[in-house]
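Note sheet for the following structure.
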Amino acid sequence: MTSDAHRTAETVWRLESGRIIAGVAGVVRDVGLAEELAQDALVAALEQWPESGVPGNPGAWLMTVARRRAVDRIRRDHRYAERLADIGHRMETAATAEVDPERIEDDMLRLIFTACHPVLPEPSRVALTLRMLGGLTTTEIARAFLIPEPTVAQRIVRAKKTLGDAGVPFEVPSGADRADRLSSVLAVLYLIFNEGYAATSGDDWLRGDLCREALRLGRLLAGLMSREAEVHGLVALMEVQASRARARTGPSGEPVPLPAQDRALWDPLLVRRGFAALLRARELGGPPGPYVLQAGIAACHARAATAADTDWPQIAALYDVLARVAPSPVVELNRAVAVGMAHGPAAGLAVLDAVAGDAPVRDRHLFPSVRGDLLERLGRDAEARAEFRRAAELTANEAERRALLRRAGGA
């Protein structure tokens, strides 16, 4: 009975922790304190449920206990009168009020925008998002990103302190500030997804848990911000990319390039969900943003029954638009691949070499990897082998390094 109750509590925490922390933060207006109080509620569940039994609505039970503790904490605080004046009558009724789904949705939005605030460095935004919204422990985050657990713990502690010291309000910004902050939120979610989709280091190329977590948070955000096309665009992009998971690695865990993947292994449900999200984004109108454009590119691949059926001219055209909307050397690198497939390897090589002077891109393993592929298709085998060897030296992922070395030996 004890182990069953503990498993239930931990499962509910993983699913509901973001909503619980958001609901408490809406009361205390302090993200760090809200997490502490929510975890107190989890401890209470671990202690009480084995004896009293799991309640009918365990998520609501945790929310109620956490909010009661928030009220008690403020009443004990020496600044109670000052805070009460600010918080008002809702503090008196928070402990007994029914959970308002719309109110919790508002608080979830506030929590997402707070965890991804630009005042925090990107690694801290990622750690805080996974902790607060994903319910992951510091151990799980450290394992996912192959960094020491104390480093993750420090990032989370410093992030909370930074938010407090900077006086970051627990709110969803409006106007231009909202657009700027939303781009930060989407960037964090996509960074988490990409780390799972093509791990930058370690032995495994795929980390499905991170992909699933980013997709779950993206779907949540799409439900909360249903009128934002870029949110649906990001979800569409992640859905379609996630659909390829089973086909992206071989029997030994080696990466399988997109043209060589067995498309029968692609998940049709995720593809359909991706198409639906992309349709929602397009129906909202307006010029397509970076995520809508990237989702359109992913959809082109998903529509092709075989690699030979891929509409590369359309993909190259979408990359042309993306390069104007969100110019970056990384976009140019991907555009080089598309142009090389649509108009020949020499054309792709010209696009790639135009960004060769950008050190951050030139010194990443993807640059020599793409260049090696284009050179190989041009019959310049010796140069291609040298590029694949250089790419193998630059990657920190062992599975990818082995694949690149094989290409260097057989180019």
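Here are the numbers:
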quantity: Condition check for Val235: over 28 Å from Gly135 (Cα atoms) and among the β-branched types (Val, Ile, Thr); calculated: no
quantity: Given (1) touching a Lys or Arg at 6+ places or on another chain (Cβ under 7 Å); (2) in contact (Cβ under 8 Å) with a residue 60 or more places away in the chain, number of the condition Val256 does not satisfy; calculated: (2)
quantity: Any chance Gly285 is small (Gly, Ala, Ser) and at positive phi; calculated: yes
quantity: Qualifying residue in segment 337-351 (condition: under 16 Å from Pro257 (Cβ atoms), without any contact (Cβ under 8 Å) to a residue 24 or more places away in the chain and in contact with a helix residue (DSSP H, G or I) (Cβ under 6 Å, 6 or more places away or on another chain)); calculated: no
quantity: Selection within segment 221-243 - in a helix (DSSP H, G or I) and over 14 Å from Leu189 (Cβ atoms); calculated: Ala229, Val240
quantity: Condition check for Glu213: under 29 Å from Ala127 (Cα atoms), buried (at least 19 other Cβ atoms within 10 Å of the Cβ) and modelled with pLDDT under 90; calculated: yes
quantity: Any hit, segment 28-37, residues being in contact with a Ser or Thr (Cβ under 7 Å, 6 or more places away or on another chain) and either of a type in the set (A, V, I, L, M, F, W, C) or not in a helix (DSSP H, G or I) (or both); calculated: yes
quantity: Residues that are of a type outside the set (A, V, I, L, M), within 22 Å of the chain's Cα centre (by Cα) and exposed (fewer than 14 other Cβ atoms within 10 Å of the Cβ), drawn from segment 268-299; calculated: Pro268
quantity: Residue ID - surrounded by the fewest Cβ atoms within 10 Å (Cβ to Cβ), chosen from residues in segment 384-411 that are without any contact (Cβ under 8 Å) to a residue 60 or more places away in the chain, aliphatic (A, V, I, L, M) and in a helix (DSSP H, G or I); calculated: Leu405
quantity: Flag for Ala264 being of a type in the set (A, V, I, L, M, F, W, C) and out of contact with any helix residue (DSSP H, G or I) (no Cβ under 6 Å at 6 or more places or on another chain); calculated: yes
quantity: Per-region count, segment 250-284, residues closer than 20 Å to Val231 by Cβ and in a helix (DSSP H, G or I); calculated: 14
quantity: Criterion violated by Thr306 - all others in (1) touching a helix residue (DSSP H, G or I) at 6+ places or on another chain (Cβ under 8 Å); (2) of a type in the set (Ser, Thr, Tyr); (3) closer than 26 Å to Leu234 by Cβ satisfied; calculated: (3)
quantity: Long-range neighbours under 8 Å by Cβ, at least six apart or interchain, first residue farther than 11 Å from Ala45 by Cα and part of a helix (DSSP H, G or I) within segment 59-74, second modelled with pLDDT under 85 and of a type in the set (Ser, Thr, Tyr); calculated: Ile74/Tyr80
quantity: Index of the failed condition, Val152 passing every other in (1) within 21 Å of the chain's Cα centre (by Cα); (2) touching a residue at least 60 places away in the same chain (Cβ under 8 Å); calculated: (2)
quantity: Positions within segment 357-369 being touching a helix residue (DSSP H, G or I) at 6+ places or on another chain (Cβ under 8 Å) and surrounded by fewer than 21 Cβ atoms within 10 Å (Cβ to Cβ), in sequence order; calculated: Asp358, Pro360, Val361, Asp363, Arg364, His365, Leu366
quantity: Whichever residue in segment 131-182 is among the β-branched types (Val, Ile, Thr) and assigned to a loop (DSSP other than H, G, I, E, B) and, among such residues, is farthest from Gly196 (Cα to Cα); calculated: Val168
quantity: Yes/no for Ala66 being at pLDDT 85 or above and either crowded, with 16+ Cβ neighbours inside 10 Å or farther than 22 Å from Gly164 by Cβ (or both); calculated: yes
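For (1) in contact with a Leu (Cβ under 8 Å, 6 or more places away or on another chain); (2) within 21 Å of Tyr291 (Cβ to Cβ); (3) among the aliphatic types (A, V, I, L, M); (4) surrounded by fewer than 16 Cβ atoms within 10 Å (Cβ to Cβ), each residue gets a yes or a no:
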| position | (1), (2), (3), (4) |
| --- | --- |
| His301 | yes, yes, no, no |
| Ala307 | yes, no, yes, yes |
| Asp311 | no, yes, no, yes |
| Leu318 | yes, yes, yes, no |
| Glu332 | yes, yes, no, no |
| Met341 | no, no, yes, no |
| Pro345 | yes, no, no, no |
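The values are calculated or read from the model by the stated rules, or taken from the named source; none is laboratory data. These figures come from a predicted structure and were not determined experimentally. Don't worry about glycine lacking a Cβ; one is built from the backbone with ideal geometry, like all the others, and counts go over all protein chains shown.
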